[in-house]
Amino acid sequence: SGSVCFLPTFFQASFRNIFTYMASTSALLLSAVALVGAVLVAFWFAPSPSSPSVKVKTFRAIVIGATGATGREIVVKLAKMDSCTEIRALVRREVDVASSFPGIGEAASKLSLIVTDFDNLWSQREHFFDCDVAFSCVGTSRANPAVKADMEKDGDDAGFEKWLKKVDLGYSKAFAETAAKAGVKHLTRISARGADSKNMGSGFNLYHRYQGLADEAVLGLAEKFSHGVTCLRPGLLNRGEMARQHEAELYKKRTGLEVGLLAEASIKEWELRQASGASNTSKVVDLIEIIQSVGGDPGKYGV
C-alpha cells in the first residue's frame, strides 16, 4: 500500500511544479508581449523625423504698411498660419479690423494694431522686441491726396520726390534699422521691378530710383539680422479692389501679379530662411522667382 500512496503524491508534486513553472513562464511572456506592444505603439504614433510637425517652429511677426494691398494680404495669411502666434501691425491711425483685413475672421485674435508715429519708429522699439520676422510693405503713391497737393504746389517731380524720400526710403530704412537693433531675425521688404538707385530720370523714374535707394539701405543691414534680409521686386501688381486708376487701365493690356501671391512668396521666403537656419545674407528676388516660388507660370505675366 506504500507504493500505491507514493504514486499520487509524486504526480501531485510534479503537477504542482509544472503548473508553477507554466504560470511563471506565462507571466514572463505576457510581460514581454506587453513591453513589445508598448514599444510598437509608441513607435507607430510618434512623428517621423521627416514629419513637418517636427520642423514647424512658432514665430511672431511685425508689419509696416499693413493696411496696403500687399500688407493686408500678408497679415491675413500670417494670422491663419498655425506657426504664427502673433502679428503686430504698425498703423498710422485706428482702423476697423474686419474691413481692413478681409477674411481674417477669428484669426484676428492674433493681430495687434499699434498706432505709430512713423516719423519716430525708434520710439516704438518695444513692439519689435521678441519678434522673429519683419515685413516692410510701406510706400507712397502719386494718388495719395497729400502727395497730389505737394505735386501741385512744388511741381510734379519735386512734390513726388519729397514723399518718396520720406516714406519709401525714410520709413523703410528706419523700420529696418529698428528691427535690426531689436534683434528681429529676418526682414523681407516689398520693393519693385526696375529698382535702380542710379536711375536719374524724371517722372516715374524717381520711383525706381528711390526703390533702389531703399533696397540698398535695407540690404546693407543684412549682417545685423541673424537670418538676413530679402527684397522682393515684383512688376505690375493686381491689387484687386484697391487698384489705382492707372493700374486698372494697365490691367486691360497686361496681367498684374496678384497681391495674394506676392504675400505668399514673402512668407515663403521667411519660412525658407527659418528652416535653413541662421544666415545673415542679403537676397533680391525678381518677378520670375516670385512667381515660380508659389507655383505660378511666368508666361501668364509676360515674363
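The values are calculated or read from the model by the stated rules, or taken from the named source; none is laboratory data. Source: prediction; values computed, not measured. Reconstructed Cβ throughout: ideal geometry from the backbone, glycine too, with neighbour counts over all protein chains shown. Areas reflect the complete protein model, heavy atoms only, side chains present, ligands, DNA and RNA absent. Shrake-Rupley method; radii C 1.70, N 1.55, O 1.52, S 1.80 Å.
In terms of accessible area, using a 1.4 Å probe and ignoring ligands and nucleic acids, LYS300, LYS181 rank largest first as LYS181, LYS300. The chymotrypsin sites (Phe, Trp or Tyr not before Pro) found in region 86-169 that occupy coil by DSSP, while having at most 12 further C-beta atoms within 10 Å, are PHE129. For the residue pairs LYS173/LYS268; LYS77/LYS253; LYS110/LYS198; LYS57/LYS181; LYS80/LYS148; LYS185/LYS300, the C-alpha atoms sit more than 32 angstrom apart in LYS110/LYS198; LYS80/LYS148; LYS185/LYS300.
As a fraction of the 1.4 Å probe accessible area of region 112-205, surface on carbon and sulfur atoms comes out at 47 percent.
Computed over protein heavy atoms with a 1.4 Å probe, the accessible surface of region 66-180 works out to 45 Å² per residue. Rolling a 1.4 Å probe across all protein chains gives ILE114 an accessible area of roughly 20 Å². With the gyration tensor restricted to C-alpha atoms of region 177-303, the semi-axes of the equivalent ellipsoid amount to 26, 19, 12 Å, longest first.
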